[in-house]
1. As a test, work out the antiparallel percent of DSSP beta bridges whose residues both lie in the chain, rounded to the nearest 5.
2. In square angstrom, what is the accessible area per residue of the chain with a 1.4 angstrom probe?
3. List the trypsin sites (Lys or Arg not before Pro) in the range 111-145 that DSSP assigns to loop (not H, G, I, E or B) and whose Cβ has at most 15 other Cβ atoms within 10 Å. Which are they?
4. Placing unit charges on C-beta atoms (Lys and Arg positive, Asp and Glu negative, everything else neutral), compute the dipole magnitude of the range 173-229 about its Cα centre in debye, rounded to 20.
5. Defining a contact as two alpha carbons under 8 Å apart and six or more residues distant in sequence, what relative contact order in percent does the range 133-215 show?
6. Chymotrypsin sites (Phe, Trp or Tyr not before Pro) within the range 87-195: which are DSSP loop residues with at most 12 other Cβ atoms inside 10 Å?
7. Would you work out the relative contact order for the range 82-148, in percent, from Cα pairs under 8 angstrom that are 6 or more residues apart?
8. Using the crude model of +1 on Lys and Arg Cβ and -1 on Asp and Glu Cβ, and no other charge, please compute the dipole size for the range 81-210 relative to its Cα centre, in debye to 20.
Amino acid sequence: MTRIVILTGAGISAESGLRTFRAADGLWEDHRIEDVATPEGYDRNPGLVLQFYNERRAAAAAAEPNAAHKALARLATDRRHQVTLVTQNVDDLHERAGAPEVIHMHGSLFGALCARCRHRWPAPMVMRTTDLCPDCGHASCRPDIVWFGEMPHHMERIEAALRRADLFVSIGTSGNVYPAAGFVADARHAGIETLELNLEPSVGSRFFDRAVHGPATRIVPEWVASICP
């Protein structure tokens, strides 16, 4: 049984109509990152932040899994392989494609978090500043998204899977955001085979043993078919 750790980023959902994390001008959906993706931005203007993620949540709910998501779901259910699927994405397209388990290291649009007591619960489609935490009762609700300056979720579990892996595959990632950008170095240090599947070479493309570049909806199904005939 081949043990495979797969990391996916925004590029795998781009062909489902979801824009990648930020444009070349440094903006995310025409907003400064500091305003919508930091705890400080939330403290300054929680209404703006909640509205921003309400729009992202609606867009994610309206999107459909593409051929790349579906191919990875098929791989994850193939008994010949043991797959740990890790995503930087905050959408639910992997799950809706049929992946049995997904590690969301940057959280999910469909989760809510109390900024005061850290209680978590399923997010409503529209979050408001007047929403009360079901645990502590305070109006301090935010999306359960990992913002800049915060620690990604499930790092111990991801690192343990990497240490046991036979193959690490990075799909649709820019290679700019740490700690995920450092996974390839961790894998190489452990002697694990590495593969990049991306629209174009990432920042860390040179660190991979092998790289295939092109649209995710083409190259991901082709790769999966090569190991799951």
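The values are calculated or read from the model by the stated rules, or taken from the named source; none is laboratory data. Computed from a predicted structure; not experimentally measured. Positions of Cβ are backbone-derived with ideal geometry, glycine not excepted, and every protein chain shown enters the neighbour counts. Surface areas here come from the heavy atoms of the whole protein model, side chains and all, with no ligands, DNA or RNA. Shrake-Rupley method; radii C 1.70, N 1.55, O 1.52, S 1.80 Å.
1. Details: 10 of 33 bridges.
Of those bridges, close to 30 percent are antiparallel.
2. Counting only protein heavy atoms, the per-residue value for the chain is 48 Å².
3. Working: sites: ARG116, ARG118, ARG120, ARG128; in loops: ARG116, ARG118, ARG128.
When the trypsin sites (Lys or Arg not before Pro) of the range 111-145 are filtered for loop state and at most 15 Cβ neighbours within 10 Å, ARG116, ARG118, ARG128 remain.
4. With only Lys, Arg, Asp and Glu charged at Cβ, the dipole is about 60 debye.
5. Numbers: 88 pairs, mean separation 19.2, N = 83.
Computed value for the range 133-215: 23 percent relative contact order.
6. Working: sites: PHE110, TRP147, PHE148, PHE168, PHE183; in loops: TRP147, PHE148.
Answer in residue order: PHE148.
7. Working: 110 pairs, mean separation 19.8, N = 67.
For the range 82-148, the relative contact order is 30 percent.
8. With only Lys, Arg, Asp and Glu charged at Cβ, the dipole is about 280 debye.
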